[in-house]
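Colleague: Would you mind keeping the following structure in view while I ask a few things?
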Amino acid sequence: DTAVSQTPKYLVTQMGNDKSIKCEQNLGHDTMYWYKQDSKKFLKIMFSYNNKELIINETVPNRFSPKSPDKAHLNLHINSLELGDSAVYFCASSFTGTGFGYGYTFGSGTRLTVV
Amino acid sequence: GENVEQHPSTLSVQEGDSAVIKCTYSDSASNYFPWYKQELGKGPQLIIDIRSNVGEKKDQRIAVTLNKTAKHFSLHITETQPEDSAVYFCAASTTGFQKLVFGTGTRLLVSP
């Protein structure tokens, strides 16, 4: 199936731990994103990579570090997890062109719970 | 930067009724306006989009309208069905290395 797949789907961890979320897309898109969805369902962009290059880095704590080994993969590593990091994290991908924007394809999300 | 406002936050309709969700955006450079449907436990799914060179677009029971002058765009769902129940998000972006900015979401409940 063509899709954006992210793992794990659920992640429960203690405060202070370090964890990673992985994302892969097989749609041939050149841009990938991480979005955070809080308890009120608000979707906010965190990072964006185009062909492995970081192009969007919103005001996110330094404890969050994305890595894109190639244009089909984008991982998110989080150090020293805090209670406030609990949220659903979505990976997405799209084409990027010089004309109009393009729709994103989202993964199914990773629900992170910090206890 | 871009700011997208979305109303209403919740919308309850009877099956067969129409539903309308409205959004406003702030950045006049925005030229792409998608709508996403998010079902429980799933990621947002693109259902329809519109570009700034078009005023209206329709796909079966759903339609989107855009008023560039007023910076408004709306989602219209006709003949609603219980399976339309979900959270709907509007979004806006510009060209190039786009950053989709999302509205705050509308929870639509369609009662049989």
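Colleague: Can you work out the Karplus-derived ³J(HN,Hα) for every residue in segment B:18-34? Use 6.51 cos²θ - 1.76 cosθ + 1.60 with θ = phi - 60°, whole Hz, and x for glycine or proline.
Modeller: Whole-Hz 3J(HN,Hα) from phi for segment B:18-34: 9, 10, 10, 10, 10, 9, 10, 10, 10, 8, 5, 7, 5, 9, 9, 9, x.
Colleague: Place the peptides A:5-16, A:71-82 in order of packing, highest mean first, counting for every residue the other Cβ atoms within 10 Å and averaging per peptide.
Modeller: On the way: A:5-16: 13.7, A:71-82: 17.9.
Order by mean packing, descending: A:71-82, A:5-16.
Colleague: Another one. Size of the dipole of the protein assembly as shown about the Cα centre, Lys and Arg at +1 and Asp and Glu at -1 on the beta carbon, nothing else charged, in debye to 20?
Modeller: Details: 23 positive and 22 negative charges, 60 e Å.
Dipole magnitude for the protein assembly as shown comes out near 280 debye.
Colleague: OK, next. What are the extents of the Cα atoms of the protein assembly as shown along their three principal axes, listed from largest to smallest and rounded to whole Å?
Modeller: So the three principal-axis extents are 49, 41, 34 Å.
Colleague: Quick one: what are the phi-derived ³J(HN,Hα) couplings along segment A:51-59, Karplus 6.51/-1.76/1.60 with θ = phi - 60°, whole Hz, x for glycine and proline?
Modeller: 6, 6, 9, 5, 10, 10, 9, 6, 6
Colleague: Let me ask something else. Using a 10 Å cut-off on Cβ to Cβ distances, tally the other chain neighbours for every residue of B:43-55 and report the average as a whole number. Spell out each step's value before the answer.
Modeller: Working: counts 15, 9, 4, 6, 1, 1, 4, 1, 3, 2, 2, 1, 0.
That average works out to 4.
Colleague: Using the Cα centre as the reference, give the magnitude of the dipole from point charges on the C-beta atoms of chain B (Lys, Arg: +1; Asp, Glu: -1; all else neutral), rounded to the nearest 20 debye. Provide the component values of the computation, followed by the final result.
Modeller: Numbers: 11 positive and 12 negative charges, 66 e Å.
Roughly 320 debye for chain B.
Colleague: Enter the mean number of other protein chain beta carbons within 10 Å of the beta carbon of each residue in B:87-94, as an integer. It would help to have the intermediate numbers written out before the result.
Modeller: On the way: counts 1, 0, 4, 0, 4, 1, 6, 2.
Per-residue shielding by partner chains comes out at 2.
Colleague: Can you compute the equivalent ellipsoid semi-axes for segment B:1-43, i.e. the square root of 5 times each eigenvalue of the Cα gyration tensor, sorted largest first and rounded to whole Å? Walk me through the numbers before you get to the answer.
Modeller: Working: eigenvalues 120, 42, 19 Å².
Calculated on Cα positions only, the semi-axes equal 24, 14, 10 Å.
Colleague: Okay, moving on. Could the peptides B:54-66, A:85-97 be put in order, highest first, of the mean number of other beta-carbon atoms found within 10 Å of their residues?
Modeller: Numbers: B:54-66: 14.8, A:85-97: 20.9.
Result, highest mean first: A:85-97, B:54-66.
Colleague: Shielding by partners for A:100-112, please: the mean number of other protein chain Cβ atoms within 10 Å of each residue's Cβ. Could you put the intermediate results ahead of the total?
Modeller: Working: counts 13, 18, 8, 12, 10, 4, 7, 2, 3, 5, 0, 1, 0.
Going residue by residue through A:100-112 and averaging, the value is 6.
Colleague: Using a cut-off of 22 Å between alpha-carbon atoms, which lysines can reach residue B:71, once sequence neighbours fewer than 8 places away in the same chain are excluded?
Modeller: Leaving aside lysines fewer than 8 places away in the same chain, those within reach of residue B:71 are A:44, B:22, B:37, B:57, B:58, B:99.
Colleague: With the alpha-carbon atoms as the only input, what is the per residue convex hull volume for segment B:1-111 in Å³? Could you put the intermediate results ahead of the total?
Modeller: Working: hull volume 10.6 nm³, N = 111.
Given the Cα convex hull of segment B:1-111, per-residue volume reads 95 Å³.
Colleague: Let me spell out the model: positive unit charges on the Cβ of Lys and Arg, negative unit charges on the Cβ of Asp and Glu, origin at the Cα centre of segment A:16-115. What dipole size does that give, in debye rounded to 20?
Modeller: Values: 11 positive and 9 negative charges, 40 e Å.
For segment A:16-115, the charge dipole is close to 200 debye.
Colleague: A further question follows. Any idea what the relative contact order of chain A is, in percent, if you count C-alpha pairs under 8 Å spaced at least 6 apart?
Modeller: On the way: 285 pairs, mean separation 41.3, N = 115.
Reported relative contact order: 36 percent.
Read-outs throughout are calculated quantities, based only on the coordinates presented, and are distinct from any laboratory measurement. This structure is a prediction, so every number in the text was calculated from the model and none was measured. With ideal geometry, Cβ positions are generated from the backbone for all residues, glycine too; neighbour counts draw on all protein chains shown.
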